[in-house]
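Notes for the one structure printed next.
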Amino acid sequence: MKKFLRFTLLTLLVLIVVLAIAGFGGWMYVKSTFLTFEKDYPENQNLRELTIDGYTFLDRNGNGKLDIYEDDRKSIEERADDLLSQMTLEEKIHLLKGSGMASGAGMVEAGQGIPGAVGTIVPTPRLGIPTVYLSDGPAGLRIEPNRKGEDRTYYCTAFPIGTLLSSTWNADLVQEVGKAMGNEALEYGIDVILGPGVNIQRHPFCGRNFEYYSEDPVLTGNIGAAMVNGIESNGVGTSVKHFAGNNQETNRSFNDAIISERALREIYLRGFEIIVKKAQPWTIMSSYNKINGTYVTQSRHLLTDVLRTEWGFQGLVMSDWFGGQDAVAQVRAGNDLLEPGTNRQWKALTAGQKDGALSMEIIDTSVKRILKLILGSKKMQRYRFSNTPDLKAHAAITRQSASEGMVLLKNDNNTLPMQAGKNVALFGVTSYDFITGGTGSGDVNEAYVVSLEEGLKNAGFNVNDKAKGAFDQHKAANPKAFVRPQGLDAMTHPYNPPQISYSADQINEIVGSSDIGIITIGRNSGEGGDRVEQGDFLLTQQENDMMNKVSQAYHQAGKKVVVVLNIGGVIETASWKGQPDAILCAWQGGQEGGNSVADILGGKANPSGKLPMTFPVRLSDHASNANFPQDGAPFNMMDQFFSGEKAEKDKVRNKDYTRYEEGIYVGYRHFDKANLEVSYPFGFGLSYTQFEAGALETQLKNDSIFVAISVKNSGSVPGKEVVQIYVSKPNSGIDRPVQELKAFGKTRTLAPGESERLTFVIPVADLRYWDEKVKGWNLENGMYSIKAGLSSRDIKATRDVEIGKSM
């Protein structure tokens, strides 16, 4: 009830602001859109079990006989057709939209629904069709952990962020994470997880890059498919998002992404295509933005022609929350489910059917897709969820996956691993206040967070008390700054407590009483706003001073310094990376993050992560930088509902529209083409051991290129290595990237001296480019170079393959 009251007060505050800004017209808009709903459809809980001819079933419509849709021996297709034939028009239209704003914000009364679930597919009680619950969850399920009148809790595991998971380059491991995540959804009664997020990391400033996997669509698609397959192995659905071109948070609801068809096909749609073909997710979430002048959620070209006709997608498409401007146009385009659902949409759909704008064929097509999801869900199988997932086992999976995705960027003179028992001095606020993940819908209400301080103690290190004392004094002097924002406030004000300033005397005292120093640099971002250069992409002046003074003091004492990057996206490293002795990009590893970092620092785990994006020398080196918002404007709720369309003359570049002038040259494709120096290349990552690559084998057979290479651990400790397969087209007659990732694989843990032979299959069709002249895919004949590398700029072996005209 308290949460419901808070929501009501927030709503009233919004209404006051609306009245002040927009007057009576604004009030009427909010009232008609959000505050008045059609009649309630409570779920029918009084269903009888019957047995006919030895088959026991639930008599969902109470007619005393076995209907086809009640018979789970029948195919989903047959059952959906039967159920569709029994629905009234009102029930059909009702199913096309969620249950409304309160439910869509996770606000429910005690004992009703699942607190924190952000949306639903509404029930059809006359036919015994239950409510289907949707919940955020790119990094773990996001439901409310506490419920009124109950002593127990409903915590969920905070898994590593998407960027970290893709840094594992290990699809099998990511699938295991997905299985654990899906199990929590299953046992807490959630039917669809709203994730994973698979947009391309076009530019370092995107506030939600932490949710996304990579600057490369092949890595994105394969890691995303693994996550989907893992989650859905539980009988729980996913909603792969945000389809498509949602690569900035600034003005995301109205921004027009102006993208060439070639860049769309080769970069921004490719990851989704791989996921559809390798995982066939239950749902895909359409994005807020426009592409080339049309809202994606109203684009029949994207939602039907490309997604379904070309790729063969079988599931349903749902809108992002309050996405789209025209409910009838959305459903006609192939956006089947409108979330969270509003009265305005209900009225528009009803009127659209009456005036012929929305035909019964279109309504039935979308309703049937929704029914097929419902019929395939555990709800219809009467699964009794336990509310007791194995959180301890999932924490172990989190810890292991996080350590495997951490990337060792520097390790001079074998600074790492450290020996247990050493006295370690921790510098920087984030060492003691670790960041588990970003803010917004990608956040998780976790039960606990293991800081780096705790993780090191757990691993047998002594944490320097003088450094800890400096943090304690700093925190006590700034109590309000260390209170984490909650709910909507966390979206508008990501948690970033002030950094510590150390005096020369403090540093010298700490150096004298410790064996090694660790500086942690933290960054936090999230939904609703993009990042900025000063104090975010670049180190702050305080951080630069800390880096300089601490490194110098330790080196003068003959001791070493390690930097840990507790970040969700790329930061500048070129100007300062020469100062510390080792750098570990730890990303944001979820609730077990501190333990995972300690496992790497102490040598319990050998780092095997590789960067899924490029770290540039300068921000301006990115081709996309000229066409990306730079001001980092925070999320504004009013803009979500009232910004609307502007006259052409009033539109602002990179806010109202963004021109993707770089085309296909995103990330390493650009840096390679422009022959630019980078701080750390795509695919880079060090290990505590060394690896040797053998001869590259290739064979062209049956429209595919079969590739094999052996990898040997030539070092002294066990470890894993990633092999990345790039393809280039020498002497091409068209403008193409220097090379493109086409496949990748990771070895098992290899003992010193042990080898493993990795094999890859690259369909020749994957070598095609999008030919805008013919508006289709085209294969350029001739010689192609197949390259095996340990990063995009560390190619170990190359072989040429000729693709002939007969292929």
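The values are calculated or read from the model by the stated rules, or taken from the named source; none is laboratory data. Please read these numbers as outputs of a predicted model, since none were measured by experiment. Glycine also receives a Cβ, built like all others from the backbone with ideal geometry; neighbour counts cover every protein chain displayed. These accessible areas exclude ligands, DNA and RNA; they are computed on the full protein's heavy atoms, side chains included. Shrake-Rupley method; radii C 1.70, N 1.55, O 1.52, S 1.80 Å.
The figures follow:
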| item | result |
| --- | --- |
| Rounded tilt (10° steps) of 465-477 against the dominant C-alpha axis of the chain | 40 degrees |
| Pairwise FRET efficiency - Arg384 versus Thr798, Cβ, R0 = 56 Å, nearest 0.05 | 0.50 |
| Shape of region 249-337, Cα gyration tensor, a/c cut at 1.5 | oblate |
| Percent of beta bridges antiparallel (DSSP, region 116-199, rounded to nearest 5) | 50 percent |
| When each of Lys673/Lys787; Lys742/Lys775; Lys179/Lys712 is checked by Cα-Cα distance, pairs over 20 Å | Lys742/Lys775; Lys179/Lys712 |
| Simple spin-label estimate for Gln541 and Ser513 in nanometres, 7 Å along Cα-Cβ | 3.0 nm |
| Value of relative contact order over region 316-444, rounded to a whole percent, pairs C-alpha under 8 Å and six or more apart | 17 percent |
| Long-range amide H partners of Thr124 with built H, under 5 Å | Ile129 |
| Exposure ranking of Thr124, Thr56 by accessible area [1.4 Å probe, largest first] | Thr56, Thr124 |
| The chain, relative contact order in percent, only Cα pairs under 8 angstrom and at least six apart counted | 13 percent |
| Over region 578-709, relative contact order from alpha-carbon pairs under 8 Å, at least 6 apart, % | 33 percent |
| Size of electric dipole in the chain: Cβ of Lys, Arg +1 and of Asp, Glu -1, about Cα centre, debye, nearest 20 | 60 debye |
| Set Lys241/Lys746; Lys277/Lys646; Lys241/Lys651; Lys278/Lys604; Lys278/Lys701; Lys457/Lys480 screened for pairs whose C-alpha atoms are more than 30 Å apart | Lys277/Lys646; Lys278/Lys604 |
| Distance violations [Cα-Cα > 26 Å] among Lys97/Lys392; Lys97/Lys379; Lys65/Lys368 | Lys97/Lys392 |
| Nearby aspartates and glutamates by direct alpha-carbon distance to Lys148 (threshold 13 angstrom, same-chain neighbours under 8 apart not counted) | Glu109 |
| Estimated vicinal HN-Hα couplings, Hz - region 412-428 in sequence order (Karplus 6.51, -1.76, 1.60; Gly, Pro = x) | 5, 6, 6, 4, 10, x, 8, 7, 4, x, 5, 8, 10, 9, 9, 10, x |
| Sequence-distant aspartates and glutamates (8 or more away, or on other chains) whose Cα lies within less than 12 Å of Lys74 | Asp82 |
| Helix 217-232 vs. the chain, principal-axis angle (Cα, 0 to 90°, nearest 10) | 60 degrees |
| 0 to 90° range, to nearest 10: angle between helix 541-556 axis and the chain longest Cα axis | 40 degrees |
| Gain in span if fully extended, Trp777 to Lys646, counting 0.36 nm per residue against the direct Cα distance | 43.6 nm |
| Label-point separation in nm, Asp505 to Val761, each point 7 Å along Cα→Cβ | 7.0 nm |
| Largest to smallest accessible area among Asp336, Asp631, Asp53, Asp82 [probe 1.4 Å] | Asp53, Asp631, Asp82, Asp336 |
| Label-point gap, in nm, between Thr749 and Ile734 - each point 7 angstrom along Cα→Cβ | 4.6 nm |
